[in-house]
Every structure is written in structure tokens, then in C-alpha cells.
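The values are calculated or read from the model by the stated rules, or taken from the named source; none is laboratory data. Worth saying up front: this structure is predicted, and the values here are computed from it rather than measured. So basically every Cβ, Gly included, is an ideal-geometry build from the backbone, and we count neighbours across all protein chains shown. In case anyone asks, the SASA skips ligands and DNA or RNA and just uses the protein heavy atoms, side chains included. Shrake-Rupley method; radii C 1.70, N 1.55, O 1.52, S 1.80 Å.
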Amino acid sequence: MFDAIGLSPESFVVAVLMTFGAAFVRGVTGFGMAIILVPLLGLVIAPESAVVAAILLQLLIGPVGLRRVIADSEKESVLPIALAAMVTTPLGLLALTAIPADQARLLIAAIAIGAFALVSLPVSATVRPPGRTASLLTGGAAGLLAGFAGMPGPPVVPYYMRRNLPPRSARASMILVFFATAITGSIVAALRGLATPPLLALSAALFLPMLAGNWFGGQLFGRVPARLWRAGVGLVLGIAAASALFRLLA
């Protein structure tokens, strides 16, 4: 088994724990799995492989509770954002091997810090989504980051969190957008030979820990007051920004 996934038993146990924790955060907030998982998995497998593995795992977890997610989502904004993200995700995957590592780290750090800064601002009283242009730009940026770094969250989270949306609607909308990027990303990764048999086997092996972590996290969602939930979302983005800055300066 361990030969098939390309990891030692010790490294596989570490990957399982990482995946469980990252999926737990996803279950609570609706995002954060890739933001947390990509840099952690990068400690036991190649960074490029960690990005592809995160995309494959997002694809596997996407159908879980999909009917409820669709019902709770803000459909007016999800469709343009998801379509734009699906168009640009392949471009992000192309950039994954084309952009030098130093420039890549700088870009990721700038976007993560910017997203944290936006979420830290006072929440707007408005509920309606911004105009179509803002939605398409958000989706385009999310797709680029999804393919490039496996992290579609930084552009999408402020889009939903800066408005006075109910947490259930914001969470469901983000989950749908991330699932859309995972569909396109997985197809392109397979066509380009990036989704190798060991990565496919690793993703399949990590599915149950991911499912368990997502379930436990989901049990907390709805029991946490909206203000505390928003603070938790900001904390996850803050950790991501700090991590990106650390990798940039290291």
C-alpha cells in the first residue's frame, strides 16, 4: 500500500492527521482545507504534488452534502464566480510550472495578506452581491489561485464575508465555488499527467480521514454564534497570511 502512494508509513500517518485537521476547518468554516493542507502536505511530498493532491481531495469532498449546499447558497453570485473560476483554473495549473518559485511565493503572500486585511474590515450592512464585474474578477482570481497554489479561498472569502450574509449562505456559496475549481483542476491535471497514479492512490487513501474531519467540523457549524464564526474565518485567513509571509521571508 505505502509503495503505491509513494510515502513511508510514518509520512502517511502525518498526512492523515494533516488532512483530518484541514477538513475539520473546512467543515466549520466552509473553506480553509487547501490553505492549510497544501503547505503541510508539501512537507512530505513535492510542493507541486501537494497542490494537485489538494485539488483531487476537493473534488472528492465536493459531492458530500451537495444538495443542502446548493439550497443554502447565494445562487445569484455563485454561478458567475464558479464559471469564471473554472475558466481560469487551467491557466493557474500552467503557471504552476512556469513561474519561478520566489515570484510564486511573493504572489501568494500578497493575495493572502490582502484577503486577511479585507476580512478584518468592518462588515458592510449590505446583503446583495456586488456587480457582475466584481463577481467575474473574484472568480477569475480564485481559479488562478486554485490551479497555481491549490488555494481558491483568498479572493472568494472576502467577497462573501465582507457582506452581512447569514453564515450558512456564505459557507455554502464558498463550498460550491471551490468544488467548481476542483472539477476543472482535476480534469486538467489528469490531461497534463500531473494526477499520477501515486497521487490518485494517496488522495483515495486520505478520503476517509478527510470525510471524518469534515463531519466533525460540520457538527460545530450552526452551534457557533455568527460573530464568533466570522472571527474564526478571519483567524484561518490570518494564519494563511502569516504562513505565506513566513515562506516568503524564509
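Give the peptides 182-193, 9-20 in descending order of average Cβ contacts within 10 Å, highest first.
Values: 182-193: 19.0, 9-20: 16.8.
Order by mean packing, descending: 182-193, 9-20.
Per residue, how much accessible surface does the chain expose to a 1.4 Å probe? Answer in Å², no decimals. The partial results should precede the final answer.
On the way: 11260 Å² over 250 residues.
Ligands and nucleic acids excluded, the result is 45 Å² per residue.
Is the C-alpha gyration tensor of the stretch 16-92 telling us rounded, prolate or oblate? Criteria: a/c under 1.5 is rounded; beyond that, a/b larger than b/c is prolate, otherwise oblate.
Details: a/c = 2.61, a/b = 1.41, b/c = 1.85.
Note, shape of the stretch 16-92 comes out oblate.
Alpha carbon centre of the stretch 192-207 versus the stretch 23-73: separation in Å?
Cα centroid to Cα centroid, the span is 14 Å.
Helix-only mean residue ellipticity at 222 nm, the chain, DSSP H runs n ≥ 4 weighted -39,500 (n - 2.57), per residue, nearest 500. What is it?
Only helices count here, giving -26000 deg cm²/dmol.
Taking θ as phi - 60°, what are the ³J(HN,Hα) couplings along the stretch 50-65 by the Karplus curve (6.51, -1.76, 1.60), each to the nearest whole Hz, with x for Gly and Pro?
5, 4, 5, 4, 5, 5, 5, 5, 4, 5, 5, 7, x, x, 5, x
Could you please state how large a percent of the accessible area of the chain is carbon and sulfur, counting protein chains only and using a 1.4 Å probe? Spell out each step's value before the answer.
On the way: 8140 of 11260 Å².
Its accessible area is 72 percent carbon and sulfur atoms.
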